[in-house]
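A short reminder: the numbers here are calculations on the coordinates, not readings from a lab. All of these numbers come straight from a predicted model, not from anything done at the bench. Reconstructed Cβ throughout: ideal geometry from the backbone, glycine too, with neighbour counts over all protein chains shown.
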Amino acid sequence: MTDFFYNHLHVYLFVALFLLVSGILGLVYRRTLIGMLVAMELIMNGAGLNLVALNRFIAVENATGMAFTLIIMGIAAAEAAIALGIIILIFRKYRHVEGAELQEMKD
Amino acid sequence: MSIGDLLFLFIVGVTLAGALAAVLAGSIVYALMGLVVTMFGVAGLYVYLHSPFLAMVQILIYVGAITVLIAFAIMLIGPQYRRPKEWTTLGKLGAAAGVAVVTLGLFVKFVMEVFPRTKAPAFTVTTKQIGALFFKDLVLPFELISLLIVVAILGAIMLALFARGDK
């Protein structure tokens, strides 16, 4: 009766691993910078889920994993803001946002 | 199989489907919707992991802030956006199968061996303890996060200012 699915660590780890692998696939597969940013957010979500799941099942006596997940969220917000600013600059300059065609850094 | 179990399996399925949609959708707007679905699913998993505070923060920051930011960027880039060539449907199916196989392989090979199946221990950490942790042990990372966000705001403003002149 107590053997619920949501009481198993492996389910959460599987979801987190799936988010990581599909995020890596997205980084390879997408050609535009925004698509790559979306894939990056998937990877960060997977990392956060991993930390919280391990905190709940392995290290039950403290809340360090949750705190680190909160820190990851803050970093993800800052990273997304800067990355989107740079993407919009690239679009203004080159009129496209395809990663493979950006071959020069300055002017 | 109880109602909580069914709901949990539904949330897991929605999360996985949303992740695949975020990666494989042809239109970037659909990809963004897939990302939103995935983030809501992860928030639901946080609720099942006894951390409702993290679930609320996840919805607030990821769904409320980051996806709106990405949506703004898509809207700004929108009309002149040359649509790059994507893969064919067969290629997408192959990629999805590849993701599933790699995930399952890594899972069976490493995760199942490293983390044994044990009974779930009782979990009593509350939101109050998270707050206490931030104000006692993790003061320096907390302040560094605020510094990082200030620098990010200033950097975004400078990018917008200096880019206005040349076109």
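Mind checking which residues of region B:1-33 are facing chain A (nearest Cβ under 8 Å) and out of contact with any Ser or Thr (no Cβ under 9 Å at 6 or more places or on another chain)?
Scanning region B:1-33 gives B:Ser2, B:Gly4, B:Asp5, B:Phe8, B:Leu9, B:Val12, B:Ala31.
For B:Thr124, only one of the following conditions fails: (1) polar (S, T, N, Q); (2) more than 8 Å from chain A (Cβ to nearest Cβ); (3) over 25 Å from the mean Cα position of the chain (by Cα). What is its number?
(2)
Give the number of residues within region B:22-35 that are surrounded by fewer than 19 Cβ atoms within 10 Å (Cβ to Cβ) and out of contact with any Asp or Glu (no Cβ under 7 Å at 6 or more places or on another chain).
Total meeting the criteria: 4.
Could you list all residues from region B:39-61 that are facing chain A (nearest Cβ under 7 Å), in contact (Cβ under 8 Å) with a residue 24 or more places away in the chain and in a helix (DSSP H, G or I)?
If the condition is that a residue be facing chain A (nearest Cβ under 7 Å), in contact (Cβ under 8 Å) with a residue 24 or more places away in the chain and in a helix (DSSP H, G or I), then B:Met39, B:Val42, B:Leu45, B:Tyr48 are the ones that fit.
What is the residue count in region A:1-60 for residues that are touching a strand residue (DSSP E or B) at 6+ places or on another chain (Cβ under 9 Å) and among the hydrophobic types (A, V, I, L, M, F, W, C)?
So the answer is 1.
For region A:1-56, which residues satisfy the criterion of being of a type in the set (Phe, Trp, Tyr) and over 15 Å from B:Gly34 (Cα atoms)?
Within region A:1-56, A:Phe4, A:Phe5, A:Tyr6, A:Tyr12, A:Phe14, A:Tyr29 meet the criteria.
I'm checking my understanding of the structure. Among residues of region A:83-97 that are under 21 Å from the mean Cα position of the chain (by Cα) and buried (at least 16 other Cβ atoms within 10 Å of the Cβ), which one is farthest from the other protein chains (Cβ to nearest Cβ)?
Filtering region A:83-97 for residues that are under 21 Å from the mean Cα position of the chain (by Cα) and buried (at least 16 other Cβ atoms within 10 Å of the Cβ), the one farthest from the other protein chains (Cβ to nearest Cβ) comes out as A:Ala83.
Which of the residues spanning region A:21-32 are surrounded by fewer than 21 Cβ atoms within 10 Å (Cβ to Cβ) and more than 7 Å from chain B (Cβ to nearest Cβ)?
If the condition is that a residue be surrounded by fewer than 21 Cβ atoms within 10 Å (Cβ to Cβ) and more than 7 Å from chain B (Cβ to nearest Cβ), then A:Ile24, A:Leu27, A:Val28 are the ones that fit.
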